[in-house]
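What follows is a single structure, written as structure tokens, with notes after it.
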Amino acid sequence: MAIHKVMIEKNVAPGSYDEVLIENGFYVLKIQNDTSGIKKVAREISSSFIQFHFCLKGHAKFVFNDGGYALEVSEENSLLLYNTQLDLPLNLELGPNSWLVSVIMTIRKFHSLFSREADYIPFLSPENKEKKYYSQERVSPAIAVILSQIMNYNLHPSIKELYMKGKAYELISLYFNKGGDTDMEQCPFLVDEDNVKRIRKAKEIIISRMTEPPSLQALSEEIGLSLKKLKEGFKHIYGDSVYSFLFDYKMEYARRLLETGQYNVNEIGLKIGYSTASHFIAGFKKKYGTTPKKYVMSIAT
């Protein structure tokens with residue numbers, strides 16, 4: 001049942017792979033490709049696991065049988081994979097500027113979640129128990145919010161595991177909630193899907209222009225939402241204000257650049273919009289509790 005071997009194609013451009021253990025036999029993978037090329041990820045997954053893949057942004061291709069077969073998943077779509085007869089290792093080709101969240105859990109664990117709902121979940125019925133099953137579905141607005149929160153949470157590391165556990169269970173619950181309007185009642189902001197798309201656009205704009213981000217007023221005008229809706233919507237979806245989110249993104253981006261060893265502190269500061277190294281150092285220390293230089297020294301030991 002070994003599923004821990006992960007191979008990622010080396011790429012010096014921004015991108016990340018983060019695997020969070022929720023419980024024994026239950027994982028969340030966060031895979032991010034912020035490059036202009038394809039990011040390849042390979043991971044062993046045995047037939048004792050069920051897989052849920054959610055493409056937040058861009059597109060992804062899942063390759064099977066040594067390239068003989070592939071399934072493509074586009075932005076805001078999901079893929080469920082289940083086959084008790086055959087291992088389905090992850091051979092992923094993540095497109096340029098694409099983000100993917102995957103939930104992988106043992107079938108035993110999954111069945112324990114829905115043991116009383118076997119008739120409601122199609123592939124839990126006795127006749128399907130030993131069969132393969134896959135499904136591609138559009139991501140609902142409520143699920144899109146959870147996915148964004150998983151990718152962009154801004155919390156103290158001490159509660160990361162608890163937060164991710166809650167979001168993973170919430171994600172699976174919403175995936176199988178076919179009740180139609182329930183999501184809308186829980187979140188009035190999502191009544192208008194267009195609002196969510198505009199808020200996502202706002203996030204993309206501030207990230208792409210992080211060295212010189214627009215003012216909130218200019219941003220609201222560019223995405224076509226009032227300033228009030230921009231502030232409220234961004235806080236709801238990403239759990240933080242626009243500029244606080246951007247600060248965290250810039251510091252994380254800087255941290256990854258530091259780890260490459262290819263840039264000095266001045267260069268990294270400029271890349272994320274700081275005109276002086278001292279301002280960058282102060283920001284980094286505020287976020288991580290240490291200076292960039294000490295951080296590099298700590299990972300080198």
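Just so you know, all these numbers are worked out from the coordinates, no wet-lab data involved. What you see is a predicted model; the values in this text were computed from it and never measured. As a convention, Cβ positions derive from the backbone with ideal geometry for all residues, glycine included, and neighbour counts pool all protein chains shown.
Points to keep in mind about this one:
- Environment charge at L246 (Cβ cut-off 10 Å; Lys +1, Arg +1, Asp -1, Glu -1): +1
- Gain upon complete extension [D87, S278; 0.36 nm per residue less C-alpha separation]: 63.6 nm
- Calculated P(r) of the range 192-239 - Cα pairs past 18 Å, %: 18
- Entries of K39/K229; K167/K235; K30/K235; K40/K235; K40/K203 with Cα pairs more than 28 Å apart: K39/K229; K40/K235
- On the basis of the beta-carbon distance and an R0 of 41 Å, S215 and K109 show a calculated FRET efficiency of 0.30.
- For the range 214-278: span of alpha carbons on each principal axis (Å, largest first): 41, 21, 18
- Spatial extent of the range 258-301: Rg and Dmax, with the Cα atoms as the point set, Å: 9.9, 30
- Between F64 and S48, residue separation times 0.36 nm minus the direct Cα-Cα distance comes to 4.1 nm.
- Phi-derived couplings, Karplus 6.51 cos²θ - 1.76 cosθ + 1.60 at θ = phi - 60°, listed residue by residue for the range 235-248: 5, 5, 7, 9, x, 7, 6, 4, 6, 5, 4, 5, 4, 5 Hz, with x used for Gly and Pro.
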